[in-house]
Ligand SMILES: NC(=O)c1ccc[n+]([C@@H]2O[C@H](COP(=O)([O-])OP(=O)(O)OC[C@H]3O[C@@H](n4cnc5c(N)ncnc54)[C@H](O)[C@@H]3O)[C@@H](O)[C@H]2O)c1
């Protein structure tokens, strides 16, 4: 273990916790192209809130030559003597839901520029089966001039962390590993086994490991689409969906999914990666894309349900004031990427509704920059025609929503978590 030196490329929600964990046993260089991110990490601050200051500071070192610890940098020179390169950069989709591999390509070029004989490059970013060997390895070969599986090797180990979840941290989640040859698979597996206390599963090939990750999130997406469809049906039948799910959930093999907005950069994005690869091979996925369509339409659907509740109470919709509680893509997490609350907000705006957004977790500047929406960390000091709970941050569960209501008003619970009487819920 002594001489292994690991570079982690991309220090976001996935890369930083991994770099911190490896740094407890290895010499780790954390590399990110964003100089602002490097500066904050050097000062012990993680704006994603995944790693607290004390934990981060306990591994930070001021030189990349320490025998273990985490050195953060945006300088290519600092990663050139590493022998493991682990790539954890984003894999988003474009506006037509097609995979964007640019960050992976750029990161592969970065690593290719410093690659040496014997090095192993492990990809962690979520991709479609084949991306590592067919899209990334040729870049490594081209930039480095080295030969794959002769001079250097590859691996794939998908990340399973759940941002905001302080219980299932990276070390406590069993990790799938793989390598470009059986021997490299064993090596990659040993590397992760040294820090992942939950253990590892060595998959037979890189493609199997890639496919396993992308189906985990596709499965969740389809299951949520199913309960979203149930919510639409039960609303028409005037049955409380949550009561039905609670009753059905008493059967041992009924899966506990809840209806809702499917945002973020994993569940709502990864199925498109699998769909793209299937389409390239001439197969048009039916269930996967139907699930995507259904889940992507939930913002519009919820908006129409809220408007119906308002009309039933004779509230003039056009020009009314609606308070949105929560803009992040999930609870107790500052991540606003691909949040589907924005779809709901835009659909409500189309009815002429004035929107006020309160979210104690979301960065106000980022919400403005990404969505051109004003969000505030402070509670509003006014009354609204409708209050919508969109994200179940812990703070909201203790709020007295009645204090924001006008005399005649609507409370709509997207998450189905409010105990008090509501006018509508998904
Ligand atoms: N966030 C999650 O919950 C989660 C869970 C499992 C898997 N994943 C997957 O992990 C990957 C990373 O996701 P994330 O949420 O950590 O993304 P992120 O946006 O939080 O972090 C990515 C980091 O990579 C940096 N970066 C981008 N291009 C780079 C380059 N060429 N070289 C160096 N650094 C670069 C960015 O500056 C950023 O700091 C994605 O494929 C994602 O699908 C994410």
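Each reported figure results from applying straightforward, stated rules to the coordinates on display, with no laboratory input. Quick caveat: nothing in here was measured; it's all calculated off a predicted structure. Virtual Cβ from ideal backbone geometry, glycine too; neighbours counted across all protein chains shown.
Quick notes
- For region 228-269 and region 307-366, distance of Cα centres in Å: 21 Å
- Across all directions, the average projected area of the convex hull around the alpha carbons of the chain is 21.6 nm².
- Gained length - residue 201 relative to residue 369, 0.36 nm times residue gap less alpha-carbon distance: 56.4 nm
- Label point distance in nm, residue 244-residue 215, each placed 7 Å from Cα along Cα→Cβ: 2.9 nm
- Cα pair count fraction exceeding 12 Å, expressed as % - region 308-351: 67 percent
- Kirkwood hydrodynamic radius (C-alpha pairs) into Stokes-Einstein, region 1-141, 10 °C and 1.306 mPa s, D in µm²/s: 104 µm²/s
- Mean projected area (nm²) of the alpha-carbon convex hull when region 45-116 is viewed from all directions: 6.4 nm²
- Amide N proximity, region 364-391 versus residue 408 label position 7 Å along Cα-to-Cβ, cut-off under 16 Å: 384-387
- Globularity ratio of region 319-413, using Cα Rg and 2.2 N^0.38 Å: 0.99
- Extension gain for residue 62-residue 143 works out to 26.2 nm (0.36 nm per residue, less the C-alpha to C-alpha distance).
- Per-residue extension of 0.36 nm, minus the Cα-Cα distance of residue 43 and residue 346, leaves a gain of 105.3 nm for this segment.
- Radius of gyration, Dmax [region 364-426; alpha carbons; angstrom]: 12.8, 36
- A Förster distance of 45 Å, applied to the separation of the beta-carbon atoms of residue 287 and residue 116, puts the FRET efficiency at 0.50.
- Span from the region 149-177 Cα centroid across to the region 179-199 one, whole angstrom: 10 Å
- Counted over the chain, the DSSP beta bridges are approximately 5% antiparallel.
- For region 77-130, the convex hull spanned by the alpha carbon atoms encloses 84 Å³ per residue.
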